[in-house]
Amino acid sequence: MKIATTTGDFSFYCANDCDRIKELHCAGFRYIDLSMYTFTPASPYMQDNWRDEVNKIKELADSLGMVFVQAHSQGGNPFSEDKKHVDFLIDATLRSIEICGLLGIKNTVVHSGVAAGLSKEEWFVKNREFYSKFFPAMEKYNVNVLCENSTKKNMGNKYWANSGADMYEFIKFVDHPLFHGCWDTGHANCEGNQYDEILALKDELYAIHYNDNRGGGDEHVAPFLGTLNHDEVISALIDVKFKGYFTLECDSSLRKYKYWQGDRRQFEKESRLRDPQLFMQRHIEKMMYETAKWMLESYEVFDK
């Protein structure tokens with residue numbers, strides 16, 4: 001397996017994707033997961049000259065010998081009652097698919113929708129309707145859209161296809177040749193067993209998000225900073241004959257001052273030590289690459 005990671009690792013520390021890609025290269029990474037999760041109307045990729053921005057990062061990656069291999073499209077909830085939010089979510093997702101096409105990215109993750117009170121069957125129907133909005137773009141640019149497991153720690157009592165079996169069933173229900181699945185190891189670590197769940201995805205497992213946590217929340221920290229059983233997951237990936245990239249998504253290994261799972265305590269008198277710094281993330285990034293390489297080498301599946 002080849003090791004990739006997300007540009008989101010440096011979203012807090014760098015102002016643009018060119019600088020983020022340079023940081024990934026310095027840490028040893030050669031395969032890029034492009035994070036398009038937090039587009040806003042002001043984002044450069046949502047402007048009239050957005051293709052110029054895409055060309056910039058493509059030319060930079062080419063010059064560094066790096067390859068875009070995966071992406072994460074816009075975050076949001078298509079079942080929100082906020083029409084403005086939903087309209088932008090759809091527009092930004094369509095733009096992200098087009099960007100994937102231009103960069104040669106085959107797989108991008110698009111989160112499903114969620115709402116209180118939906119049965120499994122209702123969730124299936126409403127999400128198929130949502131994903132079908134992207135079928136023409138997926139076909140035009142030959143890009144796979146991937147759904148992803150979540151966890152009750154995030155969704156509470158709302159239904160979501162968290163298990164491998166439910167994901168597989170949903171993918172077959174959507175029934176489109178460019179619609180498949182991504183397995184998030186951190187989400188699954190909050191649920192329990194992963195080996196059987198990964199195998200239940202069978203040949204619909206097209207990508208992974210590899211991250212760790214302590215089981216109590218969706219922390220997105222580097223391997224061995226949590227309780228994830230790495231032998232279990234690597235064994236499952238081998239046994240399911242996973243052919244994708246070993247893609248890390250550990251962008252919260254250093255906790256920022258403001259974080260969706262809990263902010264740092266405030267101290268009114270001083271704030272100079274409030275946030276982690278770029279030099280810290282550089283150390284973490286190198287450690288993540290070296291750790292992932294050791295993990296894959298231990299199972300004789302590492303590929304440059």
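Taken over segment 199-225, the criterion of being more than 23 Å from Ser252 (Cα to Cα) and either in a loop (DSSP other than H, G, I, E, B) or open to solvent by less than 10 Å² (accessible area, probe 1.4 Å) (or both) is satisfied by Leu201 alone. Pairing residues of segment 48-67 that are on the phi < 0 side of the Ramachandran plot and in contact (Cβ under 8 Å) with a residue 24 or more places away in the chain with residues that are open to solvent by 30 Å² or more (accessible area, probe 1.4 Å) and aliphatic (A, V, I, L, M), at Cβ distances under 7 Å and at least 6 apart in sequence or on separate chains, gives Val54/Leu102; Ala61/Val67. Kindly indicate whether any position in segment 185-198 is aromatic (Phe, Trp, Tyr), open to solvent by less than 60 Å² (accessible area, probe 1.4 Å) and out of contact with any Pro (no Cβ under 6 Å at 6 or more places or on another chain). Scanning segment 185-198 turns up no residue that is aromatic (Phe, Trp, Tyr), open to solvent by less than 60 Å² (accessible area, probe 1.4 Å) and out of contact with any Pro (no Cβ under 6 Å at 6 or more places or on another chain).
The helices (runs of 4 or more DSSP H) found entirely in segment 16-115 that carry 2 or more residues being surrounded by fewer than 22 Cβ atoms within 10 Å (Cβ to Cβ) and out of contact with any helix residue (DSSP H, G or I) (no Cβ under 8 Å at 6 or more places or on another chain) are 50-64, 83-103. Of all residue pairs spaced 6 or more apart or on separate chains, those with beta-carbon atoms under 7 Å, a first member in segment 198-221 that is of a type in the set (Lys, Arg) and a second member that is open to solvent by 30 Å² or more (accessible area, probe 1.4 Å) are Lys202/Tyr168; Arg214/Thr227. Cβ-Cβ distance below 6 Å, separation of 6 or more or different chains: which pairs start in segment 137-158 with a residue that is on the phi < 0 side of the Ramachandran plot and end on one that is outside any strand (DSSP E or B) and of a type in the set (Ser, Thr, Tyr)? From residues that are on the phi < 0 side of the Ramachandran plot, the pairs are Cys147/Ser112. Scan segment 168-189 and tell me whether some residue there is among the hydroxyl-bearing types (Ser, Thr, Tyr) and assigned to a helix (DSSP H, G or I). There is at least one residue in segment 168-189 that is among the hydroxyl-bearing types (Ser, Thr, Tyr) and assigned to a helix (DSSP H, G or I).
Residue under question is Tyr299, and the condition is that it be surrounded by fewer than 20 Cβ atoms within 10 Å (Cβ to Cβ), closer than 20 Å to Tyr13 by Cα and of a type outside the set (Lys, Arg); does it hold? For Tyr299, the condition - surrounded by fewer than 20 Cβ atoms within 10 Å (Cβ to Cβ), closer than 20 Å to Tyr13 by Cα and of a type outside the set (Lys, Arg) - is not met.
Residues Asn144, Asn162: which one is under 16 Å from the mean Cα position of the chain (by Cα) and open to solvent by 10 Å² or more (accessible area, probe 1.4 Å)? Show your work before the answer.
Details: Asn144 fails: open to solvent by 10 Å² or more (accessible area, probe 1.4 Å).
Exactly one of Asn144, Asn162 is under 16 Å from the mean Cα position of the chain (by Cα) and open to solvent by 10 Å² or more (accessible area, probe 1.4 Å), namely Asn162.
The values are calculated or read from the model by the stated rules, or taken from the named source; none is laboratory data. None of the values given here were measured: they were computed from a predicted structure. With ideal geometry, Cβ positions are generated from the backbone for all residues, glycine too; neighbour counts draw on all protein chains shown. Side chains are part of the model used for accessible areas, which takes the heavy atoms of the whole protein and leaves out ligands, DNA and RNA. Shrake-Rupley method; radii C 1.70, N 1.55, O 1.52, S 1.80 Å.
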